[in-house]
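Notes follow the structure.
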Amino acid sequence: MPTLAKAYVAISPTAPLESGTVERRDPGECEVGIAIKFTGICHSDIHTARGDWTSINYPVVVGHEIAGVVEAVGAKVTRYSVGDRVGVGCFVDSCRDCANCRAGEEQHCLLGAVSTYNSVGRDGLPTAGGYSSSIVVDENYVLRIPDGLPLDSAAPLLCAGITMYSPLRNWNAGPGKRVAIIGMGGLGHMGVKMAAAMGAEVTVLSQSLKKEEDARRLGAQHYYATSDRASFEVLAGRFDLIINTVSADIDVDQYLSLLALDGTLVLVGLPSKPLTQRAWSLVAFRRNLAGSKMGGVPQTQEMLNFCAAHGLGAEVEVIQASKINDAFDRVIASDVRYRFVIDAGTF
Ligand code: NAP
Ligand code: ZN
Ligand code: ZN
């Protein structure tokens, strides 16, 4: 019998999220039923709920930074048992057969991965995310949260964590590499922690000087305010890797000018307007402009294990579900230190 889980629902781009329910199927034979404990508020949830991106099908239950405990397993589930601590990230299924799925890059499935929300599952029904008290997911798309990680600070790792870990690993952040993170929000602060743990020299490029003390505590050696034009002169040609997490427009040329020979600017922030840049900014010093989208299942598990080994979790402010709309406004105003996490017991 399907159950009705408590949820917070976006019904239109302009209305506040409201308390409601979402139907959850019984776990199929390869599926896991998860009692959600905590869900992080990613800026992508806000972009979706508020209609910043196209093709949003309301009503939608957002949330893709999910941490919880297994409460039921299907007959053929082998990886998980009732009571296991688990996570679910940005996607809950993919074709499993294309070259990218086979390479463990399911987020780039050639047939399109099934997103945790605002997507259509293999059962033909809309998917609904983690702003709810439970979820049912195929075991192959469920992650194990190592014992050392508290569930509240682990939840944001399922999107913010992997979205930063993946480009840091793919562009070889480590000793001798100068890495800059633009924007110290949910993604950015995890990028600082992880890049520092990998042994890179880390610089934070933030709008103001307000977060400097925190950035240094999280592992940054250098910190510059991007509101000060002089920062760009001082830092010209400095970095091997820059990761941009800003959710608004940025001056791409200005940041490309901070790259050293063969350096790469990786975009992970997703502003709604197109970006522009001059060819010369790339031609000079053989610079690269790239993008990166989350990470696949194997790399997400690797990231969780890395975080457990290094004692890394998100800096979180746990809130009740009734505060979600206020939290959205505070995230947009860059007034979050550094991730809101909803206590799923309050849905
Ligand atoms: P967030 O917590 O709001 O952090 C973004 C940070 O960017 C802010 O804390 C702020 O940092 C800076 N910022 C915000 N507005 C700015 C402005 N107008 N000008 C300059 N800097 C500004 O958001 P998030 O959850 O980390 O997500 C960031 C972006 O990544 C969103 O667009 C989200 O949709 C996207 N995202 C992408 C992926 C992917 O796979 N590629 C995955 C998850 C999220 P400072 O105060 O330090 O400047
Ligand atoms: Zn996200
Ligand atoms: Zn595929």
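The values are calculated or read from the model by the stated rules, or taken from the named source; none is laboratory data. None of these values were measured; they are calculated from a predicted model. All Cβ positions, glycine included, derive from the backbone under ideal geometry; neighbour counts span all protein chains shown. Accessible surface areas use protein heavy atoms only, side chains included; no ligands, DNA or RNA. Shrake-Rupley method; radii C 1.70, N 1.55, O 1.52, S 1.80 Å.
One table, with the values for the structure above:
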| read-out | value |
| --- | --- |
| Yes/no for ILE250 being touching a residue at least 24 places away in the same chain (Cβ under 8 Å), in a strand (DSSP E or B), under 22 Å from the mean Cα position of the chain (by Cα) and assigned by TED's automatic domain parsing to the domain that holds ARG178 | no |
| Selection within the stretch 6-16 - of a type in the set (A, V, I, L, M, F, W, C) and more than 15 Å from TYR117 (Cα to Cα) | ALA15 |
| Pair list, Cβ under 7 Å, 6 or more apart: the stretch 288-299 residue under 18 Å from LEU241 (Cα atoms), other residue in a loop (DSSP other than H, G, I, E, B) and open to solvent by less than 30 Å² (accessible area, probe 1.4 Å) | SER292/VAL268; MET294/GLY89; MET294/CYS90; MET294/CYS159 |
| Helices (runs of 4 or more DSSP H) wholly inside the stretch 277-347 that include at least 1 residues being within 16 Å of MET164 (Cα to Cα) | 297-310 |
| Tally, over the stretch 122-138, of residues that are open to solvent by less than 40 Å² (accessible area, probe 1.4 Å), more than 19 Å from VAL341 (Cβ to Cβ) and in a loop (DSSP other than H, G, I, E, B) | 1 |
| Pair list, Cβ < 7 Å and 6+ apart or interchain, from the stretch 199-223 residues that are assigned to a strand (DSSP E or B) and open to solvent by 40 Å² or more (accessible area, probe 1.4 Å) to residues that are hydrophobic (A, V, I, L, M, F, W, C) and modelled with pLDDT of 95 or more | GLU201/VAL179 |
| Pair list, Cβ under 7 Å, 6 or more apart: the stretch 329-347 residue under 23 Å from THR21 (Cα atoms), other residue within 9 Å of ligand 1 (Cβ to nearest atom) and outside any helix (DSSP H, G or I) | PHE340/ILE41; VAL341/GLY40; ILE342/ILE41 |
| Residue, nearest to ligand 2 (Cβ to nearest atom), within the stretch 228-252, restricted to residues that are of a type in the set (Ser, Thr, Tyr) and at pLDDT 95 or above | THR245 |
| Qualifying residue in the stretch 228-235 (condition: open to solvent by 20 Å² or more (accessible area, probe 1.4 Å) and outside any helix (DSSP H, G or I)) | yes |
| ALA173 within 13 Å of ligand 1 (Cβ to nearest atom), outside the structural domain of ASP84 (by TED's automatic domain parsing) and of a type outside the set (Asp, Glu) | no |
| Residue among LYS210, LYS177, LYS193 that alone is more than 30 Å from TYR131 (Cα to Cα), in contact with a Leu (Cβ under 7 Å, 6 or more places away or on another chain) and away from ligand 2 (no atom under 16 Å from the Cβ) | LYS177 |
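Per-residue answers, yes or no, for (1) under 27 Å from LYS293 (Cα atoms); (2) of a type in the set (D, E, K, R); (3) more than 16 Å from ligand 2 (Cβ to nearest atom):
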{"position": "HIS47", "(1), (2), (3)": "yes, no, no"}
{"position": "PRO59", "(1), (2), (3)": "yes, no, yes"}
{"position": "VAL73", "(1), (2), (3)": "no, no, yes"}
{"position": "VAL86", "(1), (2), (3)": "yes, no, yes"}
{"position": "ASP93", "(1), (2), (3)": "yes, yes, yes"}
